Amino acid sequence: MGVSSVSSSSVSSSSVSSLPASSLSVSSLSVSEEPDVVRPVRPRVTEVRLSAFAMHRRVVLPLDGTFTLLAGRSGSGKSSALRAYAALARLAGGAGLAEAFPDPVACVPERARPDAQRRRGFRIGCTADGPVGPVRLDLAVQVEPELRVVGERLTAGGTVLLETALVDPGRRAVQAAWHTAGSAPVTRAPLPDDRLGTALLPLRVAGKTDGQRHVLAAAEQLVVALRSVFACDPRPSRMRAPVPGGSGRLLSGCDNLADVLWRTRGECGRRHALLVAALRAGCAVPAADVVAELDSDGTVRAWLERDGGTRTALSRLGDGELRYLALALVLLTGPGILEVDPAGEVPSALQALTVLADGFDRCLDTVQRDELARLAVRMGERGHMRCVGAVADASWAAGIDGVTVVHLEP
């Protein structure tokens with residue numbers, strides 16, 4: 001599986017080969033420092049690495065733009081790339097491996113063969129830029145015969161800040177060593193083999209030396225960059241019926257769209273006006289408003305008010321209109337409205353939400369697709385939100401400023 005962007009040449013890769021547990025170690029890393037570069041205030045993931053994951057081998061996905069499209073034919077690995085990103089986000093939020101990878105066998109490269117001990121696994125990683133500079137995380141996971149972390153490395157500025165390894169397969173722990181730069185160069189201790197060690201460092205590192213404080217700052221930057229993720233794939237079939245009121249935040253499938261519309265209309269008139277403007281621009285029949293009401297049975301139903309006073313219930317809208325409405329609402333809101341798990345200890349002004357939209361243009365007509373892309377770029381330029389979408393064909397995006405296309409090639 002290869003990858004290329006609109007501004008770089010294609011990177012090809014060979015077919016996935018055997019991946020025994022002995023090779024499940026994180027490769028050596030180096031990070032170049034650019035002291036004159038102004039670092040972003042809000043930490044953000046600038047690339048995802050799929051070293052050996054599903055059908056991907058040695059693939060690096062640049063994600064530094066405000067709106068990035070992963071483009072490729074069916075089977076090129078767009079959805080698996082988004083799943084890898086979302087899994088890293090869950091691990092950064094403290095989830096265990098089984099929760100982050102509910103189907104771990106599907107993450108193992110197809111042609112990977114077990115070693116003599118029947119072990120197979122996968123490797124992924126990412127880079128997060130921010131005030132500390134580029135911070136790299138690489139993770140090696142064993143899937144068979146049991147799911148566990150077997151290697152992790154956190155690196156910044158050419159220094160390995162955390163490194164773990166599975167030393168004793170009989171123990172449910174990895175041996176960790178993190179940078180200290182005090183009387184002892186490193187501190188060693190066991191960490192759980194089903195959690196991301198980087199996310200656990202604030203509980204283990206005292207922060208008494210400059211080295212320890214550097215470790216904590218790098219770990220925090222990576223965790224903050226990863227955690228604010230909303231994986232979104234609206235399902236029109238579940239958005240048409242009335243929904244229970246008071247559900248709170250928008251689900252990833254947008255099943256409770258009517259309830260969230262009821263909430264947002266009352267909470268922020270400016271944001272609601274922007275949503276209505278987006279609907280007017282993208283709907284074939286102009287919309288004057290979108291309204292939701294709480295029924296006596298505790299359910300919420302919603303409809304579009306058309307010019308002239310005609311109402312069209314959500315149950316009568318086509319799949320394209322519903323997906324357009326849902327995605328526009330997602331792009332115009334934030335963590336307070338969407339079902340995400342941001343770092344609560346960090347001010348929201350220092351966090352940037354990343355929306356992962358699989359099948360970004362599914363069911364949309366060309367007008368809706370282009371309007372959503374422009375909206376994603378505008379929201380990204382404000383610095384609080386980025387969007388990564390997956391499409392089969394991104395040729396249409398060439399005429400829209402601010403869109404970065406990364407081509408996945410089999």
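The values are calculated or read from the model by the stated rules, or taken from the named source; none is laboratory data. None of these values were measured; they are calculated from a predicted model. No Cβ is skipped: glycine too gets one built from the backbone with ideal geometry, and neighbour counts run over all protein chains shown. Please note that ligands, DNA and RNA were not included when accessible areas were found on the heavy atoms of the full protein model with its side chains. Shrake-Rupley method; radii C 1.70, N 1.55, O 1.52, S 1.80 Å.
Determine, yes or no, whether Ala392 is more than 30 Å from Glu220 (Cα to Cα), touching a Gly at 6+ places or on another chain (Cβ under 9 Å), touching a residue at least 60 places away in the same chain (Cβ under 8 Å) and open to solvent by 10 Å² or more (accessible area, probe 1.4 Å). When the stated conditions are applied, Ala392 passes them. The number of residues in segment 205-216 that are in contact with a strand residue (DSSP E or B) (Cβ under 6 Å, 6 or more places away or on another chain) and either open to solvent by 20 Å² or more (accessible area, probe 1.4 Å) or in a loop (DSSP other than H, G, I, E, B) (or both) comes to 0.
When every residue of segment 359-380 is checked against the conditions, none turns out to be among the hydrophobic types (A, V, I, L, M, F, W, C), in contact with a strand residue (DSSP E or B) (Cβ under 8 Å, 6 or more places away or on another chain), open to solvent by less than 70 Å² (accessible area, probe 1.4 Å) and farther than 15 Å from Leu329 by Cα.
Every condition in (1) of a type in the set (Ser, Thr, Tyr); (2) assigned to a helix (DSSP H, G or I); (3) modelled with pLDDT of 95 or more is met by Thr127 except one, and the failing one is (2). Across segment 217-236, not a single residue is classified as part of a helix (DSSP H, G or I) and free of Cβ contacts under 8 Å to residues at least 60 places away in the same chain.
Within segment 289-300, being hydrophobic (A, V, I, L, M, F, W, C) and either modelled with pLDDT of 95 or more or open to solvent by less than 50 Å² (accessible area, probe 1.4 Å) (or both) holds for Val290, Val291, Ala292, Val300. Keeping to segment 180-204, report how many residues are part of a loop (DSSP other than H, G, I, E, B) and either free of Cβ contacts under 8 Å to residues at least 24 places away in the same chain or at negative phi (or both). Matching residues across segment 180-204 total 9. For the condition touching a residue at least 12 places away in the same chain (Cβ under 8 Å), open to solvent by 50 Å² or more (accessible area, probe 1.4 Å), under 30 Å from Ala84 (Cβ atoms) and assigned to a loop (DSSP other than H, G, I, E, B), Arg240 does not qualify.
Considering Arg386, Arg374, Arg382, the condition of being among the basic types (Lys, Arg) and modelled with pLDDT of 95 or more is satisfied by Arg374 alone.
When Thr46 is tested against (1) part of a strand (DSSP E or B); (2) open to solvent by 60 Å² or more (accessible area, probe 1.4 Å), exactly one condition is not met: (2).
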